[in-house]
Amino acid sequence: MLKRFGLPPRLSKSIDRHFSYIMPLLVGVALVTLAVPRLITEVRVIPADSVLERIRKTPVEQLESPSNQKRLQAAVQGLEAAAQIHDGNADLFADAAFAQLRQLDAIGVSTREGQALLSEAISNLEASLRRNPANSFVWVRLSSALIYRDGKVTQDALEALRWSYRTGPLIEKLAYFRTDLGIRIYRDLDFDLKQSLSEEIEFFFQINWEARLDLMFLACKHEAAFIVQNAIAGILEPEELDEYYRDFMSPAACANSSRSNKSQKRSERKSEDGASLLR
């Protein structure tokens, strides 16, 4: 290989032989160097994932415990550190924001600590969307977080909700939280967003019987039977629509505390996908 450089044949063969030994070693070192950041990331993320999975199943009232707050803080630190190494990983930023929003479920934003935590969560959501703007879950979390921060429905919050519908118009796992948010801020929605909400309610209603109960619960929770009725009117006969209203959405039905309590427990589990900022 080195004869073309004018070296003596014996020296050329010696260099070639040593080069053949060194080259695999150099390649190995390069591969290890490339793998180290990923290894560090995994070491940071695996414990955080375990914490997040546990926290997803934890009722809001239990998040206030020092042990859960400590776990959430450790998860945030691990995910943010991993995100600094893997800057292009949108999920790391989104998961860090989710953990921060769950912390806020417990501590609120009335303190400087809470306000700072909400700002950090919003920054992480925005960082995630810059890397993956097609995540409809993150868009709706951002929408609710902006409303929570500003104390009102802003144009930025509406645009975030709009992008959530655009990137994932009908998603079963997102239907509860997004319908909950849409009904809450219904008066601030423009025509297109009201149409998107109506289509999602119709989709939500047809998922299964449990989804219908959850939807009826939201109608009672927000005193918004007319919104749900208008959305599902096209898929039910008038008699059926009247029956659903009478049995599930009328004032008398909503006053049925045993059904409402059961639905409330389901709602707490389902709201975790967006954190329960607006519950």
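The values are calculated or read from the model by the stated rules, or taken from the named source; none is laboratory data. What you see is a predicted model; the values in this text were computed from it and never measured. Reconstructed Cβ throughout: ideal geometry from the backbone, glycine too, with neighbour counts over all protein chains shown.
Every listed requirement among (1) in a helix (DSSP H, G or I); (2) in contact with a Phe, Trp or Tyr (Cβ under 9 Å, 6 or more places away or on another chain); (3) under 23 Å from residue 182 (Cα atoms) is met by residue 133 save one, (1).
State which residue is surrounded by the fewest Cβ atoms within 10 Å (Cβ to Cβ) when the search covers only the stretch 124-176 and only residues that are within 14 Å of the chain's Cα centre (by Cα) and without any contact (Cβ under 8 Å) to a residue 24 or more places away in the chain. My answer is 126. As a summary of the residue check, residue 183 satisfies the conditions (1) outside the structural domain of residue 221 (by TED's automatic domain parsing); (2) touching a His at 6+ places or on another chain (Cβ under 6 Å) except for the one numbered (1). Being more than 19 Å from residue 105 (Cα to Cα), acidic (Asp, Glu) and not assigned by TED's automatic domain parsing to the domain that holds residue 116 is the requirement here; does residue 150 meet it? The answer is no for residue 150.
A quick yes/no check of all residues on (1) farther than 24 Å from residue 174 by Cα; (2) surrounded by 17 or more Cβ atoms within 10 Å (Cβ to Cβ); (3) at pLDDT below 55:
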| position | (1), (2), (3) |
| --- | --- |
| 231 | no, yes, no |
| 244 | no, yes, no |
| 266 | no, no, yes |
| 274 | no, yes, yes |
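When 225, 219 are checked against the criterion of being surrounded by fewer than 21 Cβ atoms within 10 Å (Cβ to Cβ), touching a Phe, Trp or Tyr at 6+ places or on another chain (Cβ under 8 Å) and of a type outside the set (Asp, Glu), a single residue qualifies: 225. Taking each residue of the stretch 84-95 that is β-branched (Val, Ile, Thr) and looking for partners that are modelled with pLDDT under 70 and part of a helix (DSSP H, G or I) with beta-carbon atoms closer than 6 Å, six or more apart or interchain, yields 85/37; 85/40; 85/41.
Here the stretch 184-193 is the region considered, the condition is being in contact with a Lys or Arg (Cβ under 8 Å, 6 or more places away or on another chain) and closer than 20 Å to residue 222 by Cβ, and the residue that is surrounded by the most Cβ atoms within 10 Å (Cβ to Cβ) is 193.
For beta carbons closer than 7 Å, sequence separation of 6+ or different chains, a first residue in the stretch 190-212 that is in the same structural domain as residue 178 (by TED's automatic domain parsing) and under 11 Å from residue 170 (Cβ atoms) and a second that is polar (S, T, N, Q) and assigned to a loop (DSSP other than H, G, I, E, B), there are no qualifying pairs.
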